[in-house]
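Quick notes on the structure that follows.
The values are calculated or read from the model by the stated rules, or taken from the named source; none is laboratory data. The shown structure was predicted, so the numbers you read here are calculated from the model rather than taken from an experiment. As a convention, Cβ positions derive from the backbone with ideal geometry for all residues, glycine included, and neighbour counts pool all protein chains shown.
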Amino acid sequence: MTTSPSARIGIIGTGAVFPAYARGLAALPGLTVVRVADLDEERSRTAAAEWGIPAWGSAADLLADPGVDVVVNITTPAAHAALTDAALEAGKHVYVEKPLAVTTRDARRNIATAERTGRVLGGAPDTFLGSAAQTARAAVDAGLIGRPFAATSFVRSSRAQTWHPDPTFLFKPGGGPVLDWGPYHIAALVNLLGPITRVVGATANAELEIPVTAPDRRVERIDVEVATHATSILQFTSGVLATAVYSFDIWDTDLPHIEVYGTEGTLQIPDPNHFDAPVRLKRRTADEWTQLPPVLPLSRPDTGDAGIYRGLGVQDLVGHLAGDAHRASAGLALHVLDVLERLQDATLADGVADIMSSTQRPAPVRGVVPLAG
């Protein structure tokens, strides 16, 4: 019987995504959360008590703790880069929530720090490691849709202003639909189709001031400082062209999250913000859609809600420390950020923008059952 690689985890940040990490990491073998930190130390104490985490305090306390092997950085995007550098300098391996940093310049500095310190840096999103994305990947690899030649990727508003007590950061630099939701979609597309070489697009704003209606809101209105609607065309190294629309302004739609079009059929991929959901296939000669069998066991740990936890990327980093491939790597996260940075800044006057970074298509997850072609 094999044992899972183990590591002691320290989490910095106790905001809205913290429960998803606390729940997910607690369900993954070998990963033990030993300390939590926050700018508001009282919040860290409360989080530690709620989730049975033995130590709490400031970020400095956590970084100085020799009992922490891996730091999980789930602070707001604008704080990612500086805190990641500090953790790497403190001798910790680091896994960062998306995006890796607010700019590719900061992200490249983080990667350089990891290389200099001999530490491993990984980054979200990790949802492409789940059953749905791996099933879609297996279908493409098995040739079930023939040769892929096009794709679509669509994001509507998360309506954060109706449920988040203070979604201000989503409408400031580092936020917007491109950097908030885009990482899930671009990582999913790179997992399916490989790296992206060129993009062209344009952005807009439907509103420049957002009313916040969340019942427990801490702010009433938000001044918008980033584009909240982006439309683009992505060209992959393979020649595939994808059309992407990422928007906080579109409230409702029936469009699919992601579809990949091949010479022999169409593959429909569910919300890439989640790990588990059905993947559908309609071959050129078929009259009906079929649901593909999952190639991995469903990854949700308890309640059956596919979107209520995180942690597979941390498990991936720890597995890499033990010799496995690094799938949710800093290199992948940088490439995703590079693409998104170009999309966020795109104007029609700029024309086509080359993507300066590249990456390897991540290796399939261990244990994937191949699909028959």
- Item | Answer from Ala133, Ala112, Ala86, Ala107 - the residue that is touching a residue at least 12 places away in the same chain (Cβ under 8 Å), on the phi < 0 side of the Ramachandran plot, surrounded by fewer than 24 Cβ atoms within 10 Å (Cβ to Cβ) and not in a loop (DSSP other than H, G, I, E, B) | Ala86
- Taking region 35-64 as the search range and keeping residues that are touching a Lys or Arg at 6+ places or on another chain (Cβ under 6 Å) and not aromatic (Phe, Trp, Tyr), which one is surrounded by the most Cβ atoms within 10 Å (Cβ to Cβ)? Leu62
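Conditions (1) farther than 25 Å from Arg366 by Cβ; (2) among the aliphatic types (A, V, I, L, M); (3) in contact with a helix residue (DSSP H, G or I) (Cβ under 9 Å, 6 or more places away or on another chain); (4) assigned by TED's automatic domain parsing to the domain that holds Asp180, marked per residue:
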| residue | (1), (2), (3), (4) |
| --- | --- |
| Ile74 | yes, yes, yes, no |
| Ala87 | yes, yes, yes, no |
| Val94 | no, yes, yes, no |
| Thr103 | yes, no, yes, no |
| Arg108 | yes, no, yes, no |
| Thr113 | yes, no, yes, no |
| Ala136 | no, yes, yes, yes |
- Does region 153-170 hold any residues that are crowded, with 16+ Cβ neighbours inside 10 Å and of a type in the set (S, T, N, Q), and which are they? Ser153, Ser157, Ser158, Gln161, Thr168
- Could you say whether any residue in region 331-340 is in a loop (DSSP other than H, G, I, E, B) and touching a residue at least 12 places away in the same chain (Cβ under 8 Å)? no
- Message: Where the second residue is part of a loop (DSSP other than H, G, I, E, B) and among the aliphatic types (A, V, I, L, M) and the first is within 17 Å of Gly174 (Cβ to Cβ) and in contact (Cβ under 8 Å) with a residue 60 or more places away in the chain and lies in region 214-235, which pairs have Cβ atoms under 9 Å and are six or more apart or on separate chains?
- Response: Ile222/Val212; Ala227/Ala346; Ala230/Ala346
- Criterion (buried (at least 20 other Cβ atoms within 10 Å of the Cβ) and modelled with pLDDT of 95 or more) met by exactly one of Val70, Val102: Val70
- Message: Out of Thr203, Thr266, Thr197, I need the residue that is within 15 Å of Val336 (Cα to Cα), touching a strand residue (DSSP E or B) at 6+ places or on another chain (Cβ under 9 Å) and either among the hydrophobic types (A, V, I, L, M, F, W, C) or part of a strand (DSSP E or B) (or both). Which one?
- Response: Thr197
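Condition check ((1) among the hydrophobic types (A, V, I, L, M, F, W, C); (2) at pLDDT 95 or above; (3) under 23 Å from the mean Cα position of the chain (by Cα)) across all residues:
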{"residue": "Ala142", "(1), (2), (3)": "yes, yes, no"}
{"residue": "Trp181", "(1), (2), (3)": "yes, no, yes"}
{"residue": "Thr203", "(1), (2), (3)": "no, yes, yes"}
{"residue": "Leu234", "(1), (2), (3)": "yes, yes, yes"}
